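The values are calculated or read from the model by the stated rules, or taken from the named source; none is laboratory data. Please read these numbers as outputs of a predicted model, since none were measured by experiment. Positions of Cβ are generated from backbone atoms using ideal geometry, with glycine treated the same way; all protein chains shown enter the neighbour counts. Surface areas here come from the heavy atoms of the whole protein model, side chains and all, with no ligands, DNA or RNA. Shrake-Rupley method; radii C 1.70, N 1.55, O 1.52, S 1.80 Å.
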Amino acid sequence: MTVSVDERRSALEELLAEARECVRCPLHASRTQVVPGGGAVDVPLMVVADGPGPAEDARGVPLTGRPAALLDELLAEVGLGPGQVFLTTAVQCRTPQNREPTPGEADTCRAWLEAQVALVRPVVVATLGGLATKLLRGDPAPITRVHGRAEVRTVGGVGVRLLPLLHPAAALYTPSQMGVLREDVARIPALLALGAPERLDAGVPADPAPAAVVEDAADAPLQLGLF
């Protein structure tokens, strides 16, 4: 059955409202608020940040300050404005002292993220930073090795083109990485032009975009209980 954009928009609003009340894992006891992200349905690009830090936890938005401004600037350079992007987080509550999430915490947040992907149906999902990339790729490969390499993945039952990116905060902290991030973001329009890929029921990489590289299938899986 075909679901209309209006129906998906209504379902997304309900989903985000439900996510903001989530008490499914221990992180609810230490957070200020859930940071489920937001944006419109039917946008071509979803950006997934690692998770909220102190400022994001306080304000309830996925990315704040200079990293947010840099992301907006780089996306604008390739013709993408805020109305064309859904911004969310891989882990939607701040972890104590910004530690790595436990497997249970990661699984809980992944369920919220996959539901968002299923409703938004982006063509490209760009992950910002190591944690978001590892969680969605199901692989421990460092972001410094896989950034800018597009893969076809199934997330939330939807085929997407997954593009790992360095986190804007890392580029601001290490200016030598700024050019790398800009170059990787510049790949997004070509990926969008390819359109949404077919879903892969096994959730494994296939059909890389032109000039993209797929990681070696022999890489060890990420031990987070996500797949």
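Here are the numbers:
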item	result
Filter result for ARG161 (surrounded by fewer than 24 Cβ atoms within 10 Å (Cβ to Cβ), on the phi < 0 side of the Ramachandran plot and of a type outside the set (Asp, Glu))	no
Residues that are part of a helix (DSSP H, G or I) and closer than 15 Å to GLU198 by Cα, drawn from the stretch 151-187	none
Enumeration of residues in the stretch 173-188 that are touching a residue at least 60 places away in the same chain (Cβ under 8 Å) and open to solvent by 50 Å² or more (accessible area, probe 1.4 Å)	ARG182, ALA186
Residue among ALA150, ALA132 that is touching a helix residue (DSSP H, G or I) at 6+ places or on another chain (Cβ under 7 Å) and either more than 20 Å from ALA76 (Cα to Cα) or open to solvent by less than 50 Å² (accessible area, probe 1.4 Å) (or both)	ALA150
Complete set of residues in the stretch 1-27 that are open to solvent by 80 Å² or more (accessible area, probe 1.4 Å), part of a loop (DSSP other than H, G, I, E, B) and over 16 Å from VAL61 (Cα atoms)	MET1, THR2, VAL23, ARG24
Test set (1) touching a helix residue (DSSP H, G or I) at 6+ places or on another chain (Cβ under 7 Å); (2) within 30 Å of SER10 (Cα to Cα); (3) at pLDDT below 95 - LEU222 fails condition number	(2)
From the options VAL23, VAL61, VAL85, VAL41, residue that is at pLDDT 95 or above and farther than 17 Å from GLY130 by Cα	VAL85
Per-region count, the stretch 135-147, residues of a type outside the set (Val, Ile, Thr) and open to solvent by 40 Å² or more (accessible area, probe 1.4 Å)	4
Top-ranked residue in the stretch 55-93 [being of a type in the set (S, T, N, Q) and touching a Leu at 6+ places or on another chain (Cβ under 9 Å); ranked as most open to solvent (accessible area, probe 1.4 Å)]	GLN84
The stretch 8-30: number of residues that are farther than 21 Å from ALA106 by Cα and of a type in the set (D, E, K, R)	4
Count of residues meeting criterion [open to solvent by 30 Å² or more (accessible area, probe 1.4 Å), assigned to a loop (DSSP other than H, G, I, E, B) and on the phi < 0 side of the Ramachandran plot] in the stretch 28-50	7
Qualifying residues in the stretch 94-129 (those that are at positive phi and buried (at least 16 other Cβ atoms within 10 Å of the Cβ)) - the one modelled with the lowest pLDDT	GLY129
